[in-house]
1. Thinking of region 152-306 as a set of Cα atoms, what percent of all their pairs are more than 26 Å apart?
2. Can you compute the helix-only [θ] at 222 nm over the chain? Use -39500 (n - 2.57) per DSSP H run of at least 4 residues, normalise by all residues, nearest 500 deg cm²/dmol.
3. If you wrap a convex hull around the alpha carbons of region 67-194, what volume per residue comes out, as a whole number of Å³?
4. Using unit Cβ charges (K, R positive; D, E negative) and no other charged atoms, how large, in debye to the nearest 20, is the dipole of region 104-242 about its Cα centre?
5. Compare the Cα positions of MET353, VAL226, VAL451 along the charge dipole of the chain (+1 at Cβ of Lys, Arg; -1 at Cβ of Asp, Glu; about the Cα centre) and return the one farthest towards the positive end.
6. In angstroms, what radius of gyration and Dmax does region 362-411 have, counting Cα atoms only?
7. Binning at 10 angstrom from zero up to the longest distance, how are the C-alpha pair distances of region 317-475 distributed in percent?
8. Please compute the volume of the convex hull spanned by the alpha-carbon atoms of the chain and report it per residue in Å³.
Amino acid sequence: MVLQEPSFRESVDLMFNRAAAIMDLPPGLEEKIRVCNATYTVRFGVRLRGQIHTFTGYRSVHSEHMEPVKGGIRYAMAVNQDEVEALAALMTYKCALVEAPFGGSKGGLCIDPRQYEEHELEMITRRFAYELAKRDLINPSQNVPAPDMGTGEREMAWIADQYARMNTTDINARACVTGKPLNAGGIAGRVEATGRGVQFALREFFRDPRDVEKAGLTGGLEGKRVIVQGLGNVGYHAAKFLAQQDGVRITGIIERDGALFDEGGLDVEAVHHWIARHGGVSGFPDATHTAEGAAVLEHDCDILIPAALEGVINLANAHRIQAPLIIEAANGPVTAGADEILRDKGTVIIPDMYANAGGVTVSYFEWVKNLSHIRFGRMQRRQEEARHQLVVEQLETLSDALGKTWSPSPDFKEKYLRGADELELVRSGLDDTMRTAYQSMREVWHDRADVQDLRTAAYIVSIGKVAASYRAKGL
Ligand code: GLU
């Protein structure tokens with residue numbers, strides 16, 4: 001039997017429609033919000049290795065209810081218009097949900113970055129950036145890209161520099177792209193941000209016993225068995241932080257060349273090093289390896305974290321997924337059909353538009369930093385330390401006057417006296433954002449009898465916010 005899956009974009013639209021159907025939107029607004037405003041396709045040539053190579057790239061703008069529009073640029077062979085449009089739509093909903101003041105956009109280039117030398121990738125990236133910038137599809141006030149699959153800090157630095165060369169008098173040039181290295185206008189904590197956001201999301205989920213019970217689980221995060229698919233930037237940071245700081249056991253790691261599992265818990269750092277050196281998980285000595293990576297998605301565990309590609313949980317395997325809780329660290333890992341099957345089974349899914357919003361949240365902080373031309377904490381840090389010092393001195397004087405010895409715990413002074421640096425402030429802002437956004441979904445999930453799942457709740461919150469901004473504009 002051939003299983004008929006909708007395309008990625010149709011899948012996103014189906015999920016959108018489920019929520020919009022139970023909302024009270026003015027006539028016509030539902031369609032206005034759902035449709036993708038525009039997609040630009042560019043084909044350009046770059047002379048490499050003695051011949052001209054032609055590349056195809058896209059930048060899609062889903063919604064401009066707020067500007068600039070925001071979203072990553074992906075480098076992968078599978079990039080196509082449908083995918084870029086689906087991802088741009090998810091950016092609109094994601095930004096609305098976490099209250100990052102942006103519309104939604106996404107870009108992609110059909111390329112396998114592993115096939116090129118660094119200097120070749122630089123030429124290709126600069127040319128792509130040139131094509132986008134000259135149409136304001138890279139611009140601090142119009143459209144601000146960021147990293148996605150296959151791109152990172154290095155590509156963002158090239159893009160920022162290319163934009164600056166083309167706009168020599170733009171004082172805000174650095175704000176044209178986020179995810180830059182720290183020394184090129186980036187912000188502390190951006191690389192870890194999406195994985196860190198997944199950790200904060202799970203912590204918030206486990207704070208409410210009603211939510212934990214809906215997933216058929218008990219207790220807190222400690223000791224939970226977790227399977228992660230994809231140990232790229234997002235999967236690696238999520239797995240590492242959850243294992244190191246929340247006491248979860250990473251029992252499975254799925255990669256391109258198979259999967260590793262160990263019920264006792266895998267050493268995430270060691271596996272990450274192994275992948276960096278050997279290009280895959282095969283041969284890793286301290287775990288059981290299977291070449292059938294996808295089958296490990298179906299293994300028994302408490303939490304499944306798909307952190308790689310879209311559509312990995314689909315009509316073909318959804319029935320066999322055993323995890324009672326799935327957190328979508330990737331964009332679109334569960335198809336609309338699989339979503340329905342899992343919902344019927346009672347599987348709880350923390351949806352992508354929320355779960356992986358940590359990246360764009362910290363991108364927002366970076367953009368604000370670039371526009372304000374000052375690092376977070378630079379004005380307050382020492383003043384905060386001086387005020388805390390006063391309190392400590394007063395406590396010491398008081399205890400002397402009372403004839404007592406004040407003996408706080410050994411690291412109290414060090415912790416209390418130290419003013420927050422940029423990284424601490426970024427993590428605090430991210431934690432607050434992830435908690436607040438989750439709480440807004442939770443409220444809808446628990447309070448509305450016609451909402452059975454977190455994804456519908458997330459769409460209701462975010463569509464409501466986009467609709468409100470249209471209303472405010474008088475549309
Ligand atoms: N590519 C990331 C995402 O899908 C980050 C986007 C951004 O920071 O603008 O959310």
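1. Tail fraction, whole percent: 39.
2. Mean residue ellipticity at 222 nm (helix-derived): -14500 deg cm²/dmol.
3. 106
4. The dipole of region 104-242 has a size of about 320 debye.
5. Ranked along the dipole, the leading option is MET353.
6. For region 362-411, the Cα-based Rg and Dmax read 18.2, 53 Å.
7. Computed distribution, short to long bins: 9, 23, 23, 18, 16, 9, 2, 0.
8. 184
The values are calculated or read from the model by the stated rules, or taken from the named source; none is laboratory data. In this text the structure is predicted, and so the values were computed from the model without any measurement. Glycine gets a Cβ as well: all are built from the backbone with ideal geometry, and neighbour counts include every protein chain shown. Ligands, DNA and RNA are stripped out before the accessible areas are found, and what is left, the full protein with its side chains, is counted by its heavy atoms. Shrake-Rupley method; radii C 1.70, N 1.55, O 1.52, S 1.80 Å.
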